[in-house]
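Derivation of every value follows stated rules applied to the coordinates shown; laboratory data play no part. This one's a predicted model, so the numbers in the text were calculated from it and none came from an experiment. For neighbour counting, all protein chains shown are included, and Cβ atoms are generated from backbone atoms with ideal geometry for every residue, glycine included.
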Amino acid sequence: MPRARACIVALAAAAIGLAGCGEGAGGPAGSAEGITLVATTSQLGDLARAVAGDRAEVRQILKANADPHAYEPRPSDVRAVAGASVVVRSGGDLDDWLADVLRNADSGARSLTVLDALRARGGAGGGDPHWWQDPGNAVVAVETIRDALIAADGGGRATYTANARRYLTRVRALDRAIARCMARIPAARRRLVTDHDALGPYADRYAIDVVGTVIPAQSSQARASGGEVARLVRAIRSAGVKTIFPESSLNAKLTRAIARDAGVQVGPALYADSLGPAGSRGETYLGSLRANTEALVSGFTGGRERCPLPR
């Protein structure tokens, strides 16, 4: 762990010790029911709110358009975790910084990692930290969050179960609509280039060929060499790619340069590592899937196809 990160979480732990049983700087620890769930990422926060409804409070660590790979925990994160009933982590190197937050918070919260649940249940893309790009994995995540909330708050079983059921009906309907839409596009046109390797589970779900990525890694903190950039330009030309897609939480400067060199268009920014801010099309998990799908369909077909998706 970087020294700066270690100092932040250690100082926060000391602050919690001095505060004793009082509230942290973040305000009251729970909802009217006394249940608080802390989620690391914007996707998990949105899924958790769908299940929790008004029964439990959901606190989300990462803000919209934040790069989870580069996040440095704050003292407020340690305080939030210290007062939580349930803590939900995405998994992999995406939010591995949470381990130090949990250790310094000395929390008795139920802690779960969605990626581990996917591996245990054989979820597609169970080893990819960007698992939510496959709606089938989001189903497992919602069920896992539901079960954790019920375990922490048995009196809310009926509420959490009903909320999860309603939300999963929407997830499955959108998944089916995306599959139908992508199936109408010839396989030779379903070829994807993005900023980094974050849409693999989506590509696997809907039979899309990932030609390459600007950053050839699942972490946005990696860097592409000159040789890798040149090979990507050649691959784009060879595959007949017409549009490449930046990502909302990353700087698109290199992506635009590659597009110029390859003679292709730059499409709308996709919601990859993060959801979008309030008021954006990617404000919610379902909204991000719709926005990404509509952008990809337009890019794959030169704007000739549109994708009717449920709201």
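Charge tally for GLN60 (other residues, Cβ to Cβ under 9 Å; Lys, Arg +1; Asp, Glu -1): +2. Between the residues GLN265, TYR285, VAL214, the greatest Cα displacement towards the positive end of the dipole of segment 185-300, with unit charges on the Cβ of Lys, Arg, Asp and Glu, is found for GLN265.
Close amide-amide hydrogen proximity is noted between VAL214 and THR194, ASP195, HIS196, each under 5 Å apart and 5 or more residues distant or on a separate chain (H modeled in the peptide plane; Pro and chain starts excluded). Taking amide H positions as modeled 1.01 Å from N, with prolines and chain starts lacking one, the residues under 5 Å from SER111 and 5 or more places away or on another chain are VAL87. Counted by Cβ distance under 9 Å from ARG191, the other residues give a net charge of +2, where Lys and Arg count +1 and Asp and Glu count -1. Relative contact order of segment 185-300, taken over Cα pairs closer than 8 Å and 6 or more residues apart, is 23 percent.
Taking all Cα pairs closer than 8 Å and separated by 6 or more residues, the relative contact order of segment 117-191 comes to 23 percent.
Per-residue Karplus couplings for segment 256-273, computed as 6.51 cos²θ - 1.76 cosθ + 1.60 with θ equal to phi - 60°, are listed in order as 5, 5, 5, 4, 4, 5, 8, x, 10, 8, 9, x, x, 5, 8, 8, 10, 7 Hz, Gly and Pro entered as x.
Stretching the chain fully between ARG119 and ARG180 yields a gain of 19.3 nm (0.36 nm per residue, less the alpha carbon separation). 3J(HN,Hα) along segment 48-54: 5, 5, 4, 7, 5, x, 8 Hz, from the Karplus curve 6.51 cos²θ - 1.76 cosθ + 1.60 with θ = phi - 60°, whole Hz, x for Gly and Pro.
In order along segment 164-169, phi translates into HN-Hα couplings of 5, 4, 5, 5, 5, 4 Hz, rounded to whole numbers, per the Karplus curve 6.51 cos²θ - 1.76 cosθ + 1.60 with θ = phi - 60° and x for Gly and Pro.
By the count of neighbouring beta-carbon atoms within 10 Å, fewest first, THR40, THR255, THR293 end up ordered THR293, THR255, THR40.
Cβ crowding within 10 Å ranks SER85, SER107, SER42, SER280 as SER280, SER107, SER85, SER42, fewest other Cβ atoms first. Annotation: amide H of GLN60 within the under-5 Å range of ALA39, sequence separation 5 or more or interchain, hydrogens built in the peptide plane.
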